[in-house]
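The values are calculated or read from the model by the stated rules, or taken from the named source; none is laboratory data. In this text, all values refer to a predicted model and were calculated from it rather than measured experimentally. Ideal geometry is used to build each Cβ from the backbone, glycine not excepted, and the neighbour counts take in all protein chains shown. Protein only, heavy atoms only, side chains kept; ligands, DNA and RNA dropped before computing areas. Shrake-Rupley method; radii C 1.70, N 1.55, O 1.52, S 1.80 Å.
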Amino acid sequence: EYLFGGCTKSKCAICDRNYPNLIMVAGHIKKRSLSSDMERRNIKNVMPICKMGCDDLFERGYIYIDKKGFIRRNDKKEVTSDLNRYLSGIVDKKSWYFDKNNAVFFKQHRSLFQDKE
């Protein structure tokens with residue numbers, strides 16, 4: 001309701017594209033399985049993310065949001081040339097959704113896939 005209420009389409013926090021809500025999800029920034037009950041309910045721990053690829057890429061750690069809000073590729077993940085082509089369209093762009101209120105959740109997500117900041 002917080003992310004999609006009152007509209008039929010939304011903008012993905014990663015690729016910045018508008019899609020019908022039927023192919024969008026309210027994705028947890030900090031992995032749901034690692035979040036406390038309070039964190040799971042915190043509206044700052046969710047973002048609108050598309051099922052066109054961004055949700056899986058973020059969830060599986062192929063991409064993350066750096067401390068300034070830019071989308072980064074996880075170099076530790078093996079990618080194919082086709083996936084690399086897809087990633088090149090989103091990596092190094094700033095996420096419009098990143099702000100000081102959800103930065104801590106992006107940091108926690110990032111810490112799962114990076115050795116140091």
Got a number for carbon plus sulfur as a percent of the chain's accessible area, 1.4 Å probe? 50
Rounded to 0.05, the calculated FRET efficiency for the beta carbons of residue 88 and residue 112 at R₀ = 25 Å is 0.60
With a probe of 1.4 Å, find how much accessible area the chain has per residue, and write the answer as a whole number in Å². 61
